[in-house]
Amino acid sequence: MTTEQKQQLSQHIESSLFFLWGLTFLAFPLVVGTFTTDGFFLPKILLLAFVVFVSLIAWGVQMVLQGQVRVRRTPLDVPIILFTVAVMISAFFSANRMDSLITSLPVVFLALSYFVLVNIFKTRKVALFFLSSLLTGAVLATVITVLSYYKVYLLPFASTRVATFTTLNTYIEYALYMAIVLPLTFSFILPVVKKHLTARVGVFAIAGLALVAGLAVVAMPLLGAQKPTLLPFDAGFQTAFAAISQDSGRVLQTFFFGEGYGNFASIFARFHNSSFNTNQQLWFLSFNNSSSYVLELLATTGLVGILSFLFMAYRSILPIAKKQKNPFFISLIVAFLLSVVVPFSFVEVALLFFLMAGFTLSQRERMPQDYFDIELQFVALKKGVFAFTTLDENQTGKKDSRPTPIVALVVLLALVVLLGFYTTTYALSDALFQQSLSAASTNNGTIAYKLQAQAITTFPYRSDYYRIFSQTNIALANSLLALQAGKSSPSATTQQTAFTLIQQAITVGRQATTLAPQSVSAWQNLSSVYRSLIGVGQNAQDFAIAAAQQAAALDSANPQEYLSLGGLYYQIGQYDNAIRMFQQAISLKQDYANAYYNLGHAYEQKGDLQNAVAQYQIVKQLVAADAQNEKRISDEIAALQAKIGNGGQQQPTTQGQTSGTQQQLSLPQANGLPTQTQQVPLVSPTPTK
């Protein structure tokens, strides 16, 4: 192939990537799907991953065609690399390593997208085209959101035919995306309007008005029925600093690299204060995100992660001090400011990286001294392994007869193969699991079981897969044993199948705790599996208690954990232990009506009727605003007082404060498998130290 042909092919590659990335920016806020368990974020991640993989291969081919390895040096290179490395290190050393690594991989895609964009494309016009694509996608997302609000549905999926539908998942996600994109329109309109009106100004003005109209439409729902449930800032602040300073045995590690990117749910469970229980609207909730993205980064990636993020912000905003105009400035400032006050999802983080890439492409022509190309070459070992040569913007450099471009292509191909393998298997596994959930929703348990087993085999690293699969096994075993319960001679084959399902439920439940040893939900699930086997499996009650104790240890400020553990003790007749757990729940939340209610019943079962009446009196005060519960507890008090021969009103020895929310009163119930005369030997849980 001649030099001219190589140059033409290289230009064709660049042109193809130019339009591919333009379509990507346009489609990014629009892509949704029903083929995955997450119909909003995962399709966007897969789109980005595909385009990044194609771009990396194309970049490597370009290096070979050009006979040299040229890398563009920009002020954002170091902070982006530091941030990505901090995210990956935090995930690698996280106790919930696999869950954290899965969550952090999209950040790697975003970092790669930045380097691909700034190295393949060279002119400011490219940045303007990408900006136009971003705005077009935002306008189309706005059209879909606004029309859905007025019950005009454009998409054919049943899940999209709701008034609150938006392709960005929720109204708050939509509002954040549009608030960041909107300033891009002003950046182009204002400078031109001062001179004369043009068609381009008119287009950007229309886009800006459309985004403003969309924000206006979602403003009222966001302040009312669709108001987002966010972790209060003081709780996020306290949790973040506790996470990096109070993890015994891992203080230095968590101080510098946090508890693992994407691991905030476990962090909140372990480190939030019991004072959070006084918040009547939020105390019973868990949170997957902190109060803001910055506080979440502090908790999950530690000091290195938050400083590298702030370093990115500094390098992005620094040109303002030098009075360098750039159309991406305002949007970048808005994005970084919002990251301080609200939580970000993948969509907002991706948009931030896209803006930084556009910023770099626009800034290169304005500040060439900070944006230049370097050439990487192999040299003799006496001088080192690599050599870097600075090239001018239009300098082609001497073609490298050594294998540097080939090596670069091989490295990029290896990276694509490695990341592509795990991304593909993850996507296939998720699609299978989504099919299993659809089968389960139609009561087709056998198909759901097979699909979930196949999904786990395809990608055996997600703890939530194992949790759900364990419950599927228990449900199938329950169904089989229930059918056999009324027969005088149960089928040996059916019983063996049920017992195999029971053992598998335990195995996969334990695997979930192995993959995510600090996941409260994993230990809660394992406890529920053992609890359902009480009367069926040997030592099931002891194992259920051990798993529940581990969940309570990981979420020690949550009264619900002690209520659950106390309920387990109550179920098996250990009333003293049940009383102790219910009292612990009350100490964490003084107005917890259900804890007093269960405590009263535990006293009653133990024969301490006076204390039982005292607890019921407190319950009556706490549920006074709920007529149904108030009548129920009044009847129970009357019945118990009649039983002890006391017709007067018994006053409580302690008194709680009336709760601001209605609480349903309930007692723990045994809802496990049918009791078996010959119990199955079970494997015990293995709590992580």
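Within segment 439-478, the set of residues being outside any helix (DSSP H, G or I) and surrounded by fewer than 21 Cβ atoms within 10 Å (Cβ to Cβ) comprises THR442, ASN443, ASN444, PHE459, PRO460, TYR461. Only a single criterion out of (1) under 28 Å from THR37 (Cα atoms); (2) touching a helix residue (DSSP H, G or I) at 6+ places or on another chain (Cβ under 7 Å); (3) not polar (S, T, N, Q) is not satisfied by LEU437, namely (2). Report yes if TYR616 is open to solvent by less than 10 Å² (accessible area, probe 1.4 Å), of a type outside the set (A, V, I, L, M, F, W, C), part of a helix (DSSP H, G or I) and over 21 Å from ASN558 (Cβ atoms), otherwise no. So TYR616 passes the test. Within segment 235-268, the only residue that satisfies the criterion of being more than 15 Å from ALA91 (Cβ to Cβ), of a type in the set (A, V, I, L, M), open to solvent by less than 10 Å² (accessible area, probe 1.4 Å) and out of contact with any Phe, Trp or Tyr (no Cβ under 8 Å at 6 or more places or on another chain) is ALA240. If you go through segment 157-172 and pick out every residue that is more than 13 Å from VAL32 (Cβ to Cβ) and either of a type in the set (S, T, N, Q) or not in a loop (DSSP other than H, G, I, E, B) (or both), you end up with 3. Among the criteria (1) hydroxyl-bearing (Ser, Thr, Tyr); (2) without any contact (Cβ under 8 Å) to a residue 12 or more places away in the chain; (3) surrounded by 17 or more Cβ atoms within 10 Å (Cβ to Cβ), the one THR36 does not fulfil is (2).
Screening PHE129, PHE83 for residues that are open to solvent by less than 10 Å² (accessible area, probe 1.4 Å) and either in contact with a Pro (Cβ under 8 Å, 6 or more places away or on another chain) or of a type outside the set (A, V, I, L, M) (or both) leaves exactly one candidate, PHE83.
Candidates in segment 1-23 are the residues that are touching a residue at least 60 places away in the same chain (Cβ under 8 Å) and surrounded by 17 or more Cβ atoms within 10 Å (Cβ to Cβ); of these, the one that is farthest from SER441 (Cα to Cα) is LEU17.
May I ask you to say which residue of ALA335, ALA387, ALA357 is more than 19 Å from PHE311 (Cα to Cα) and either surrounded by 14 or more Cβ atoms within 10 Å (Cβ to Cβ) or at pLDDT below 70 (or both)?
Working: ALA335 fails: more than 19 Å from PHE311 (Cα to Cα); ALA357 fails: more than 19 Å from PHE311 (Cα to Cα).
Testing whether each residue is more than 19 Å from PHE311 (Cα to Cα) and either surrounded by 14 or more Cβ atoms within 10 Å (Cβ to Cβ) or at pLDDT below 70 (or both) leaves just ALA387.
Which residues, taken from segment 601-644, are among the aliphatic types (A, V, I, L, M) and free of Cβ contacts under 8 Å to residues at least 12 places away in the same chain? It would help to see each step written out before you state the result.
Step one: filter segment 601-644 for residues among the aliphatic types (A, V, I, L, M), giving 602, 609, 612-614, 618-619, 622-625, 627, 633, 637-640, 642, 644.
Residues satisfying the conditions are ALA627, ALA638, ALA639, ALA642.
Does segment 143-163 contain any residue that is in contact (Cβ under 8 Å) with a residue 60 or more places away in the chain, open to solvent by less than 60 Å² (accessible area, probe 1.4 Å) and more than 26 Å from the chain's Cα centre (by Cα)? Yes, segment 143-163 contains a residue that is in contact (Cβ under 8 Å) with a residue 60 or more places away in the chain, open to solvent by less than 60 Å² (accessible area, probe 1.4 Å) and more than 26 Å from the chain's Cα centre (by Cα). Answer yes if at least one residue in segment 653-662 is open to solvent by less than 20 Å² (accessible area, probe 1.4 Å), among the small types (Gly, Ala, Ser) and modelled with pLDDT under 95, and no otherwise. Scanning segment 653-662 turns up at least one residue that is open to solvent by less than 20 Å² (accessible area, probe 1.4 Å), among the small types (Gly, Ala, Ser) and modelled with pLDDT under 95.
The values are calculated or read from the model by the stated rules, or taken from the named source; none is laboratory data. The structure displayed is predicted, hence computed values, not measured ones. No Cβ is skipped: glycine too gets one built from the backbone with ideal geometry, and neighbour counts run over all protein chains shown. Side chains are part of the model used for accessible areas, which takes the heavy atoms of the whole protein and leaves out ligands, DNA and RNA. Shrake-Rupley method; radii C 1.70, N 1.55, O 1.52, S 1.80 Å.
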